[in-house]
Amino acid sequence: MKSFRPFIIAAIAITLTTSTLLPFNARAQKAAHRSPQSKPTPSTFDDPALVKKYQAGITAASLSPPLYYLASDVLEGRETGARGQHLAAEYLAKQYRTMGLSPKGTGQATGADSPEPYFQHFQLYPLTPNETKLELSVRGKPVVTSTFSAAAHDDLSSFASGNAKNGRGGLVFGGYGIADRALGYDDYASLAAKGISIDGKWLVLLRDEPMSNATTSLLPTAEHKLSRWSGGLTKANAWVKAGRPLGILIVSDIGPRNQLAFADASALASAGAQRIGPLTPNQGSYVPQIYNISAKFADQILAGSGQTVAAIKQNIDQTLAPNVFELKDATITARVQLRPGLDTENVLAFIEGSDAKLKNEVLVLSAHHDHLGVNPLLKGDQIFNGAADDGSGVVACLELARAFMAAKRDGFGPRRSILFLNPTGEEKGILGSANYLGGTPTVTLDHIAADINMDGVAGVDLNHPTKSTNYIYIGGAKGLSDDLVAINRRVKEAVGSTIELTDDNFPSDSVSFEAQMIPYIYFSTGLTEHYHQVSDEASTIDFEHFARVTQLIFATAWQIANQEARIAGVDRNKMTAVGYACRPCGSECDNTVYHAPGTCPVCGMTLMRKWETKK
């Protein structure tokens, strides 16, 4: 489960109809009235005992062994592209094969028992280049070179993020990089007034905002609390609007909020330089390369101006007047060595529907199998085992597959087809599902009727609104998911589930389905007690609660897979794609639309298709 919250689902201004889920006895009576001599159609809610029969196979005892394995130290936290994640994918493929599910991936078999046909391989790219060098020259003569990599660092610069690339450009000092008319302070307006462009140049910025101490702003904010300009995303939005700089250099070791010497911060950045993330090299063309630099390096850059960064900062803080200028004699040349992409894989398994007509409609059951891996900087336990997030969702997928296959062997196979999708890279920006749905899906998008996404369906959120320990959060996009949410509530009552349903939504692979206008419902226990901590171990899970949740999900999936009416959603033929945008995240990039896929330069999320109703 991704860690950004709150996640705001955009309302879709389309009126939709909601199919009706009749009570068991009402549907049975109607079927009997139509044909007194015929048996009720199997695989429907006409026979609640049938549903409960296969629910009963989902138990704490059946859920426990696979979760203990997937969340064990052996899998090393299932870091995307790493050994543990590959082992998890292989385990899932073998489980699906043993159960009798058909492969639905794109991999080519290398033997009779090969897991490859269940895999969809793709590549992710490191967030940090193999090495970066920043060479400062004054009047054409090299002054100093800073080198940064996973193996080397200094007290001058460290790569932070963005589209690292070779290039040479001049330098512009942009003050704090704030553009806020309401606060009476605008560095970019001052640059424009002086006729200074940042296009193709390095933009040097101070971190944060004018401050008297670590919690008090000098800007005229309410009660002088720190403004949004100390949060990072707002500044990124401002420089994206201001132009296309070659790169951003943030003086990060100056200011009241700095806690580390630059060399120490650079060492931490170097240790974390193996991070991976985007589907495309360098996060796409929208994200400029961003470096943290020290005041020591900044002073060398500013030497020709006769000023120091500390003196400039003090002047701005005292006067609250922008101090921006172009450095005429200085240039910086970036030399970048990129790292190759890392291979990773989604896992896909398939149950073909039993109804000649409805089998062309596909219900997707999704849960990501990657997690956060290992943090060697931690003392003691270093492995993020990811039991609840999302080992529980993956194990629920396996149990749902087992239950549906048991029903199929008894002659009650689902009428619609079911695709079990276990993406990778969710923790890196919801990348596996985005790659599947936005690339070449093995099921045509128009054939996907709905998605049920499970991300963390075990564990307990200590901040649950009612402090319940027997709950499940359910979420969906307003207008798009209404039918699914209504069905789930009716199913809960029909099967007598004791689970408390709580409305909420969290960013996960379900948003990739939303981006394609596919109805979805999302099940999660939310930001649990051990969320994204090394303590998220299988031993912390209440398996009885986990079983109750999975049984409810199975009953919901059963209804969707077997009811006559297709899930009401959005008619994609009445929609038109207008570009690419990040999922609504509450930041100032929400309304920005780009012409091609990539990564949002403000919030860092993968850009998805943006749809509008045809006029």
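The values are calculated or read from the model by the stated rules, or taken from the named source; none is laboratory data. Computed from a predicted structure; not experimentally measured. Using ideal geometry, Cβ is built from the backbone for each residue, glycine included, and neighbour counts are taken over all protein chains shown. In case anyone asks, the SASA skips ligands and DNA or RNA and just uses the protein heavy atoms, side chains included. Shrake-Rupley method; radii C 1.70, N 1.55, O 1.52, S 1.80 Å.
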Subject >> Theoretical FRET efficiency, 1/(1+(r/R0)^6), r = Cβ-Cβ of Lys225 and Ala152, R0 41 Å, to 0.05 >> reply: 0.55
Original post:
Using 7 Å Cα-to-Cβ label points, what is the Glu352/Ala303 separation (nm, one decimal)?
Top reply: 7.4
Subject >> Using alpha-carbon coordinates, inclination of helix 60-70 to the longest axis of the chain, degrees >> reply: 30
Subject >> Rounded to 5, the percent of DSSP beta bridges in the stretch 463-615 classed as antiparallel >> reply: 75
**OP:** Scan around Glu361 for amide H atoms under 5 Å from its own, H built in the peptide plane at 1.01 Å from N, and keep only partners 5 or more places away or cross-chain.
**Re:** Ser417
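Ranked from highest to lowest mean number of other Cβ atoms within 10 Å per residue, what is the order of the peptides 342-354, 469-481?
Result, highest mean first: 342-354, 469-481.
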**OP:** Would you list, by chain and number, the lysines whose Cα falls below 24 Å from the Cα of Lys141, excluding same-chain residues fewer than 8 positions away?
**Re:** Lys133, Lys165, Lys201, Lys296, Lys328
**OP:** Report, to the nearest whole %, how much of the accessible area of the stretch 485-553 belongs to carbon and sulfur atoms, 1.4 Å probe, protein only.
**Re:** 46
Original post:
Percent relative contact order of the chain, based on C-alpha pairs within less than 8 angstrom and at least six residues apart?
Top reply: 21
Subject >> Heavy-atom accessible area per residue - the stretch 290-422, 1.4 Å, Å² >> reply: 35
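Any idea of the accessible area per residue across the stretch 501-544, 1.4 Å probe, to the nearest Å²?
27
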Subject >> Percent RCO, i.e. relative contact order, over the stretch 338-497, from Cα pairs under 8 Å lying at least 6 residues apart >> reply: 32
Subject >> Share antiparallel - DSSP beta bridges, the chain, percent rounded to 5 >> reply: 65
Original post:
How much length is gained on full extension from His595 to Leu320, taking 0.36 nm per residue of separation minus their Cα-Cα distance?
Top reply: 95.2 nm
Subject >> Inter-site label distance for His447 and Arg168 at 7 Å from Cα along Cβ, in nm >> reply: 5.5
Original post:
With the other protein chains left in place, how much accessible area per residue, in square angstrom, belongs to the stretch 107-217 at a 1.4 angstrom probe?
Top reply: 41
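Considering only protein heavy atoms and a 1.4 Å probe, what is the carbon-and-sulfur percentage of the accessible area of the stretch 65-113? Let's see the in-between values first.
On the way: 1190 of 2300 Å².
For the stretch 65-113, the apolar C and S fraction of the accessible surface comes to 52 percent.
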Original post:
Separation of the stretch 343-405 and the stretch 441-482 by C-alpha centroid, Å?
Top reply: 14
Subject >> By average C-beta atoms within 10 angstrom, highest first, the peptides 560-568, 217-225 >> reply: 560-568, 217-225
Subject >> Cross-link table Lys94/Lys428; Lys359/Lys492; Lys225/Lys428; Lys379/Lys428, entries beyond 30 Å C-alpha to C-alpha >> reply: Lys225/Lys428
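Want the number for Lys141 to Asn213: 0.36 nm per residue separation, take away the alpha-carbon distance, what's left?
Result: 22.0 nm gained on full extension.
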Original post:
Sorted by mean Cβ packing within 10 Å, highest first, what order do the peptides 446-455, 73-82, 136-145 take?
Top reply: 446-455, 73-82, 136-145
**OP:** Can you send over the carbon and sulfur percentage of the accessible area for the stretch 420-483, probe radius 1.4 Å, protein chains only?
**Re:** 50
Subject >> Label-point separation, Lys194 to Leu260 (7 Å along Cα→Cβ), nm >> reply: 3.2
